[in-house]
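**Q** Quick one: this structure, given as structure tokens, is what I'll be asking you about.
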Amino acid sequence: MAEPKMSSEESGLLSNIVQEIITSPLNIALVLVISFLVYKIFKSQQGDNENVIHFEKPLPKMKKRDFTIEELKPYDGTGEDGRVLVAVNGKVFDCTKGKRFYGPEGPYAAFGGRDASRGLATFSITKGSDTYDDLSDLSPMEMDSVREWEMQFTEKYEYVGRLLQPGQAPNNYSDEEEETNTTEASEKPKDE
């Protein structure tokens, strides 16, 4: 089967286009930019298959309870459910939705399943002590920093309980108490 030949009119048009492109530096630059962008588009479409983001189902809301340092450790994101808890200034927060930060591969993985107060106060991302830290040796400026971090965690993550001092008894949180507090908060006027 013979290939169709280009008419002299078509070949003249093509040679005029090529001639127009190569005679102007601006046109050459535009052709290079367009070629680069087309390359990036095709490359990103191939990469999309490899870099598919896997969305995990959100875990059910955790019932409130208090934790000792030892009870907090398993919640570093490596457990069966992948839950991540972080303590800040005596409060424990469920940071599972921030797992990419506080989970095993995250930049702040050292805080997962631990009391992050000292690390946040001193801007040090190292694993904390395996004993309760009362933070009494922190400077006033460092304690202000801890309180600011506590406020940020309160706004962003779910509060799930307290971090217990050695010998301290845990609170008994009831479902009714939680529902009552939620209802009372929603019924309060915005002015208060």
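**Q** Inside segment 24-133, counting only helices (runs of 4 or more DSSP H) that do not spill past its ends, which hold 1 or more residues that are aliphatic (A, V, I, L, M) and at pLDDT 90 or above?
**A** Per the criteria, 69-72, 117-122.
**Q** Quick check: anything in segment 137-157 assigned to a loop (DSSP other than H, G, I, E, B), touching a strand residue (DSSP E or B) at 6+ places or on another chain (Cβ under 8 Å) and not β-branched (Val, Ile, Thr)?
**A** Within segment 137-157, one or more residues are assigned to a loop (DSSP other than H, G, I, E, B), touching a strand residue (DSSP E or B) at 6+ places or on another chain (Cβ under 8 Å) and not β-branched (Val, Ile, Thr).
**Q** Here's a follow-up. Looking only at residues that are in contact (Cβ under 8 Å) with a residue 40 or more places away in the chain and under 13 Å from GLU150 (Cβ atoms) in segment 110-135, which one is least open to solvent (accessible area, probe 1.4 Å)?
**A** LEU135
**Q** Under 8 Å between Cβ atoms, which residue pairs at least 6 apart in sequence (or on different chains) link something in segment 63-89 that is within 11 Å of ARG162 (Cα to Cα) and open to solvent by 10 Å² or more (accessible area, probe 1.4 Å) with a partner that is part of a loop (DSSP other than H, G, I, E, B) and acidic (Asp, Glu)?
**A** Correct list of pairs: ILE69/ASP130.
The values are calculated or read from the model by the stated rules, or taken from the named source; none is laboratory data. Note that the coordinates shown come from a computational prediction; the quantities given were computed from them, not determined experimentally. Glycine gets a Cβ as well: all are built from the backbone with ideal geometry, and neighbour counts include every protein chain shown. The accessibility values were calculated without ligands, DNA or RNA, using every heavy atom of the protein model including side chains. Shrake-Rupley method; radii C 1.70, N 1.55, O 1.52, S 1.80 Å.
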